[in-house]
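Below is one structure, written out as structure tokens, with a few remarks after it.
The values are calculated or read from the model by the stated rules, or taken from the named source; none is laboratory data. Predicted, not measured: the structure shown is a model, and the values here were computed from it. Here Cβ is always computed from backbone atoms with ideal geometry, including for glycine, and neighbour counts include all displayed protein chains. Ligands, DNA and RNA are stripped out before the accessible areas are found, and what is left, the full protein with its side chains, is counted by its heavy atoms. Shrake-Rupley method; radii C 1.70, N 1.55, O 1.52, S 1.80 Å.
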Amino acid sequence: MRWQWKLGTFAGIDVFVHATFLLLIGWIGYSHWLQFGTIAKVAEGILFILALFLCVVLHEYGHALTARRYGIKTRDITLYPIGGVARLERMPDKPIEELWVALMGPAVNVVIAAVLFAYLFATNGLVPLTDLTVTSGSFLARLMAVNVSLVLFNLIPAFPMDGGRVLRALLAMRMDYVRATQIAANIGQGLAFLLGLFGLFNNPFLLFIAFFVWIGASQEASMVQMRNSISGIPVTHAMQTKFETLSPSDHLDRVVSLILAGSQQDFPVVQNGQFIGVLTRDDFIKALSQQGQNAPVADVIRRNVPSVDSHEMVESALIRLQESGAKTLPVMHRGQFVGLVTSENITEFLMIRSALRAAGAVPNPMV
Ligand SMILES: [Zn+2]
């Protein structure tokens, strides 16, 4: 179980809410009950949190729809108690595109705050900021204040906040991407350290945020280093060429013996030398428990698997693995099936390469 429920699909993107979000709702309801003791106040408190998270969802759509303009799909948007996450299939390569994708999230909150400000101004509903607290002040005035703080928080120049991406994009316009990421990550960790130090003496919640920022910064830096270390290497160097294949007329019992005899997870299915699909381990286990070992492989094959050309770069193979969610992709050369590529494979390839490099055995970048 993924501990999340689908709220719906909007503009072609699935929106999920994580189970822990209910804890937040419960906590808000309970604390309002303790403070005011009326159902009306409890309902208002919960309504406020829902309105706030609607603003967060719109913020994520700001990222997702901008990314779509650059041809990048968004897998889904999930709401957590600490905020929303839009899972883009990949990050834009051009710094200017990353800049826009990062900025358009907070821009949505700027627009919401401005609209609320105009409305409150027109209706004489504006109050000095100092009169606002989390639980007092008019609903719309508090919603405006919260949108302003969302903008400020997200623009902190540290990964995984949008501000970290803005900073990296700006740096990447002047230097190479890896160096820009390293500098942005260092600045982010420096800020996280200061935030943690301040939190230690003032607000323990800030310690938690500092930790989250620290981890985000180091993850981003190592991901980009990995991407950099594989750029310029063709798939032929990192693909598997020794593996078992199945024929569509095989039965699952053959797969049972192959799995027990080796460590292969997914099996390519080949007919007369032509690749026709993959039998994944998960599909196999499911079919085995439902149909038994006499079921034909042909019934369980996953067809329409994306493939990689042997002359493509390892980087694009990794992107296709991520985008398709598949664990194994077939490698083709001039329409012929020549090998398999998996993310474990690529990781092993990189480990061997860096070990050989450390030993001084590989003067050139190819193994
Ligand atoms: Zn954002």
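Please sort 163-173, 260-270, 106-116 by packing, taking for each peptide the average over its residues of neighbouring beta carbons within 10 angstrom, highest first.
Packing proxy ranking, top to bottom: 163-173, 106-116, 260-270.
Note down the nm distance, to one decimal, between modelled labels 7 Å out along Cα→Cβ at Arg75 and at Leu23.
If labels sit at Arg75 and Leu23, their model points lie 2.3 nm apart.
Percent of accessible area on the chain owned by carbon and sulfur, 1.4 Å probe?
Values: 12760 of 20130 Å².
So the carbon and sulfur contribution to the accessible surface is 63 percent.
Which loop-located trypsin sites (Lys or Arg not before Pro) does the stretch 1-45 contain, where loop means any DSSP state but H, G, I, E or B and the Cβ has at most 13 other Cβ atoms within 10 Å? Before the final figure, lay out each step's value.
On the way: sites: Arg2, Lys6, Lys41; in loops: Arg2.
Passing sites in the stretch 1-45 are Arg2.
Wrap a convex hull around the Cα atoms of the chain, take a quarter of its surface area, and give that in square nanometres. Can you show the working numbers first?
Numbers: hull surface 99.7 nm².
If I average the Cα hull's projected area over directions, I get 24.9 nm².
Restricting to DSSP H runs of at least four residues, report the calculated mean residue ellipticity at 222 nm for the chain, -39500 (n - 2.57) per run over all residues, nearest 500 deg cm²/dmol. Walk me through the intermediate numbers first.
Numbers: 11 runs with 203 residues, N = 367.
Result for the chain: -19000 deg cm²/dmol, rounded to the nearest 500.
From the residues Leu50, Ile72, Ala86, which one has its Cα farthest along the dipole of the stretch 37-110 in the positive direction, the dipole being from +1 and -1 charges on Cβ of Lys/Arg and Asp/Glu about the Cα centre?
Ile72
Roughly what % antiparallel, to the nearest 5, for the DSSP beta bridges in the chain? Working shown, then result.
On the way: 27 of 34 bridges.
The antiparallel fraction comes to roughly 80 percent.
How high is the relative contact order of the stretch 81-207? Use alpha-carbon pairs under 8 Å, at least six apart in sequence, and give a whole percent.
In percent, rounded to a whole number, it is 22.
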